[in-house]
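The structure appears right after this line, and notes come after that.
The values are calculated or read from the model by the stated rules, or taken from the named source; none is laboratory data. Values in this document were obtained by computation on a predicted structure and should not be read as measured data. Cβ placement follows ideal geometry from the backbone for every residue including glycine, while neighbour counts extend to all protein chains displayed. Protein only, heavy atoms only, side chains kept; ligands, DNA and RNA dropped before computing areas. Shrake-Rupley method; radii C 1.70, N 1.55, O 1.52, S 1.80 Å.
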Amino acid sequence: MEQVKAYGAESATSPIVPLTIPRRDLLANDVKIEILYCGICHSDVHFARSEWDAMAPVYPCVPGHEIIGRVSAVGSDVTKFKGGEIVGVGCLVHSDGTCEACNDGEEQFCPNANLTYGTPDVHGTAPGTLGGYSESIVVNEKFVLTIPENLELAAAAPLLCAGITTYSPIKRHGVGPGKKVGIVGLGGLGHMGVKFAVALGAEVWVFTTSPGKKADALRLGATGVILSKDADEMAKHAGTFDFILDCVAAKHDINAYINMLKRDGNITLVGAPPEPLDVSAFGLIMGRRSFSGSPIGGIAETQEMLDLCGEKGITADVEVIGVDGINDAYDRIVEGDIKYRFTIDMSTLQQ
Ligand code: NAP
Ligand code: ZN
């Protein structure tokens with residue numbers, strides 16, 4: 001067991017502080033990765049601050065599941081990777097490989113899946129999995145992704161969570177030419193959702209609470225921006241959307257967006273507000289509309305998304321920070337003051 005430098009939280013009210021954590025010795029199918037960049041997801045903030053009933057952290061916890069790094073060692077049976085390669089790790093680090101979900105290539109639904117942080121580690125590392133705000137990580141090769149060579153690494157890190165979480169439902173719901181698509185909340189997930197929906201040829205509208213993000217939404221390729229607090233603007237678009245992706249991190253009025261859908265339209269929630277949302281029956285019934293959710297994506301689909309990003313040159317818009325900037329970044333994320341993802345340069349861990 002190796003001890004490595006990391007950053008994490010010691011309690012729900014603690015700031016993110018320097019820690020030393022264990023990383024297991026390489027098993028036969030393991031890849032050791034020196035971490036170069038790690039994106040900051042709003043889930044890291046929810047988790048470190050213990051905001052979700054469904055996922056209580058064991059402290060100290062180390063967040064971070066948008067990991068880009070360089071392979072520094074491989075186990076004896078590893079065939080997929082060799083030393084020096086640039087690779088990625090997202091939210092999944094293991095699954096049982098035998099259940100229906102795993103057989104379907106949808107490891108995110110495996111009842112025994114292990115997340116990159118906050119779940120028990122099948123390999124027995126106490127106190128459970130610890131994430132990417134650290135100098136290195138050891139991961140089974142099946143859960144390690146190949147990063148297209150043309151992508152800028154700091155900007156590619158957020159693809160590992162924000163990218164796949166938006167790409168998967170956008171693809172599943174047939175977003176493409178002729179479809180009017182709404183993206184709610186222009187943050188880390190939302191801005192990736194805009195990029196994918198635009199790249200797939202849809203007409204994309206951004207719903208935002210922040211008038212200051214309007215110009216960026218248009219620069220990202222949106223046809224228009226709807227200020228969700230402006231009732232007149234909202235009314236103009238009622239009943240016109242085929243699909244809406246809701247990326248909001250806090251409690252909000254979901255009915256306002258359900259009413260934007262056409263007959264048989266779908267709104268998919270990827271945002272994970274800690275509080276329940278109140279759904280009005282009639283918004284769903286009258287238009288035979290549906291409201292669903294979606295978590296990340298499987299490993300094969302994540303690789304497909306990365307390869308598409310390589311082909312089309314898609315990455316996140318990032319603000320690169322050092323480890324000493326993580327706490328400020330958390331505060332700015334909660335305030336919605338984000339353009340549009342923070343990525344930590346992990347080389348600052350050594351300074
Ligand atoms: P983020 O960068 O903080 O973006 C969230 C955006 O939501 C904000 O920029 C803001 O956009 C909007 N917003 C925030 N508070 C709001 C409020 N009170 N009312 C209305 N809008 C508000 O967060 P993120 O990293 O994209 O993550 C978004 C959510 O997705 C989080 O809850 C996260 O935990 C969850 N998540 C889920 C999955 C999954 O697998 N389903 C994966 C990753 C993350 P505007 O300024 O444009 O209004
Ligand atoms: Zn995430």
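Some observations on this one:
- Set of aspartates and glutamates with alpha-carbon distance to Lys171 below 20 Å, sequence-local pairs under 8 removed: Asp104, Glu106, Glu107, Glu203, Asp242, Asp246, Asp264, Glu301, Glu304, Asp307, Glu311
- Residues with amide H under 5 Å from that of Asp121, placed H, sequence gap 5 or more: Gly128, Thr129
- Taken over the Cα atoms of the chain, the convex hull encloses 129 Å³ per residue.
- One chain, two ends: Thr13 and Asp253. Fully extended at 0.36 nm per residue, the span grows by 83.6 nm beyond their Cα-Cα distance.
- Cross-link partners of Lys251 among aspartates and glutamates (Cα-Cα below 20 Å; sequence separation of 8 or more within a chain): Asp44, Glu51, Asp53, Asp230, Glu275, Asp278, Asp331, Glu335, Asp337
- Beta bridges from DSSP with both residues in the chain: antiparallel share about 55 percent, rounded to the nearest 5.
- Mean Cβ neighbour count within 10 Å, used as a protection proxy, ranking 332-341, 66-75 highest first: 66-75, 332-341
- Candidates Leu284, Leu245, Leu269, ranked by Gaussian network fluctuation over the chain, Cα under 10 Å, top entry: Leu284
- Relative to the longest principal axis of the Cα atoms of the chain, the long axis of helix 326-335 makes an angle of roughly 10 degrees.
- Seen against the Cα atoms of the chain and their longest principal axis, helix 162-172 is set at about 50 degrees.
- Against the chain, whose longest principal axis comes from its Cα atoms, helix 299-312 is set at around 70 degrees.
- Taking each of Lys213/Lys262; Lys5/Lys213; Lys80/Lys180 in turn, the alpha-carbon distance tops 30 angstrom for Lys5/Lys213; Lys80/Lys180.
- Shape category assigned to the stretch 268-350 from the gyration tensor of Cα positions, a/c cut at 1.5: oblate
- Extension gain (nm, one decimal) between His237 and Arg288, 0.36 nm per residue minus Cα-Cα: 16.6 nm
- Span from the the stretch 122-194 Cα centroid across to the the stretch 1-23 one, whole angstrom: 23 Å
- Of Asp96, Asp328, the order by accessible heavy-atom surface (1.4 Å probe, DNA, RNA and ligands excluded), from most exposed downward, is Asp328, Asp96.
- The stretch 162-293 - Debye-derived log10 I(q)/I(0), Cα point model, q = 0.16, 0.17, 0.20 Å⁻¹: -0.71, -0.81, -1.17
- Placed amide H near Ile321: partners under 5 Å, 5+ positions off or other chain: Thr343, Ile344, Asp345
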